[in-house]
1. Within region 312-353, which residues are in contact with a strand residue (DSSP E or B) (Cβ under 6 Å, 6 or more places away or on another chain) and open to solvent by 60 Å² or more (accessible area, probe 1.4 Å)?
2. Just need a number here: residues in region 24-48 that are closer than 17 Å to L76 by Cα and assigned to a loop (DSSP other than H, G, I, E, B).
3. Residues being in a helix (DSSP H, G or I) and either more than 15 Å from the chain's Cα centre (by Cα) or among the aromatic types (F, W, Y) (or both): count how many of those fall in region 157-167.
4. For region 60-85: of the residues being small (G, A, S) and free of Cβ contacts under 8 Å to residues at least 40 places away in the same chain, which is least open to solvent (accessible area, probe 1.4 Å)?
5. With (1) more than 30 Å from H27 (Cβ to Cβ); (2) in contact with a Phe, Trp or Tyr (Cβ under 9 Å, 6 or more places away or on another chain); (3) surrounded by 15 or more Cβ atoms within 10 Å (Cβ to Cβ); (4) not aliphatic (A, V, I, L, M) as the list, and Y117 as the residue in question, which single condition is left unmet?
6. Being farther than 16 Å from D29 by Cβ and either part of a strand (DSSP E or B) or touching a Cys at 6+ places or on another chain (Cβ under 6 Å) (or both): is that true of R58 here?
7. Determine, yes or no, whether G6 is at pLDDT below 90, in a loop (DSSP other than H, G, I, E, B) and out of contact with any Ser or Thr (no Cβ under 7 Å at 6 or more places or on another chain).
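The values are calculated or read from the model by the stated rules, or taken from the named source; none is laboratory data. Computed from a predicted model, the values in this text were never measured in an experiment. With ideal geometry, Cβ positions are generated from the backbone for all residues, glycine too; neighbour counts draw on all protein chains shown. In case anyone asks, the SASA skips ligands and DNA or RNA and just uses the protein heavy atoms, side chains included. Shrake-Rupley method; radii C 1.70, N 1.55, O 1.52, S 1.80 Å.
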Amino acid sequence: MHAREGALFKRKLTDAFVRALTTPGKHADGEVPGLYLEVSASRKIGNPPSKFWRLKYRLHGKENRFSIGSYPDIGLKEAREIARSARRDVANGIAPLKAKTAKIEAQRLSEQRTFAYVAEQWMTFKSAHLVSKSIAGFRGALRNHILPAVGSKPVSEIKLEHVTAIITALRQQRLMAMARRVRTIIRSILGFAEGRGWVERNVALSNVEELRIRHVVTSNPAIERPADLGRFLLRLDECDDGSVANAMRLLVMLPVRPGELVRMRWEDVDLVGADWRYVVSKTRHLDKSKHIVPLPEQALILLRKLRQTRVVDDKGQGWVFVSPVYPGRPINPTSMLKSFQHIWPEYGITAHGFRATYRTIAHEHLGIDPIVLELSLSHRMPGALGAVYARAQLLAQRREAAQQWADYLDLLRQNAARVTTD
């Protein structure tokens, strides 16, 4: 009996042999050192014996046993793979059970770290450096385009095809701007995960064609011909003297964003020094310095008139263009948009488009230096000299350009009136 058990212990196991094995005892694999199948007779008559894979190993001078699992839940091939992996752990000085526990914990964490979970962690990290508008934009893109597709997937399982599918769907809808935003967000989130060791690599950084998005130039409709601008000014002159109409008149003179103009406050306006100073909302999270808008004489005349009926607090603070509907609030930029389209229905102009009108006509017809124009628009100058120009601000040149533009508007208005009279 002992001789037969010894022979069984040395036999190289096969699937057929293991399946038919009923003899109680420890049956060595014969291929992976230390691996054996322990067979135990059932305590209930008629039931098959139980079979359990184990690995015998020595670590730190002590003999140990590692329980792999029962047969047939774990077959011979899988038992060998697990045993080989456990022997590698032992060779590295790690107990197989400890390594197994660590793998289970890692898998549990991996399943918990869904893309949605990592995205929220990323948003928390980014929010301190973003304005509320940017945060809302990121959350909207996540909610509408990204999370429905990959939100529930563990971030470690995100593959390139998952990213390209989202981008391709947006490209097919010709939502190129959103496709670029979504691509940037996914790359940032996966980069955030990569930096923490939650993914092996950022698959969204691939240069495959599916992730390439053509640059589509979009622009706000604007008046580009001086004669049209003159006729528009005549129509604007016929409007009442309400907050919206006066804001429209000032917007044509000053190359600022509509959203910035409606939030103009009296405490920021210097009628003696002839300028208006404010922090640009679009870049205030990057630069807290105030943008200076030189006020031409025509703008000062308008503002002095409005100042006579201004509504301010004890400190002289208040909105320049107060809403006629909601006292205590400024007018809404949409009000200007609707009014512009009402008095100029021939073209789909926008309030923001008057910045393009200024940039185009002031350069082509007045010959104003493009650098002066860009700084007047509160644009950041590109290139190596950008910081130099931003620091110098060219305020004297911009003040001259502002007055030149306002005088030119008066000339266009006069020419248009002359043509109408004729």
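1. Selection gives W319 alone.
2. Going through region 24-48 one residue at a time, the tally reaches 6.
3. Kept after step one, since they are in a helix (DSSP H, G or I), are these residues of region 157-167: 157, 160-167.
This time we only want the ones that are either more than 15 Å from the chain's Cα centre (by Cα) or among the aromatic types (F, W, Y) (or both), so: 157, 160-162, 164-165.
Count: 6.
4. As a first pass, look at region 60-85 and keep what is small (G, A, S): 61, 67, 69-70, 75, 79, 83, 85.
Filter once more, keeping what is free of Cβ contacts under 8 Å to residues at least 40 places away in the same chain: 61, 67, 69-70, 85.
Numbers: G61: 61, S67: 53, G69: 10, S70: 37, S85: 28 Å².
Once the filter is applied, the top-ranked residue is G69.
5. Unmet for Y117, out of (1) more than 30 Å from H27 (Cβ to Cβ); (2) in contact with a Phe, Trp or Tyr (Cβ under 9 Å, 6 or more places away or on another chain); (3) surrounded by 15 or more Cβ atoms within 10 Å (Cβ to Cβ); (4) not aliphatic (A, V, I, L, M): (2).
6. yes
7. Here the answer is no, as G6 does not meet what is asked.
Yes or no, residue by residue, for (1) at pLDDT below 90; (2) at positive phi; (3) surrounded by fewer than 19 Cβ atoms within 10 Å (Cβ to Cβ):
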site	(1), (2), (3)
R355	yes, no, no
R380	yes, no, yes
R391	yes, no, yes
D407	no, no, yes
N415	no, no, yes
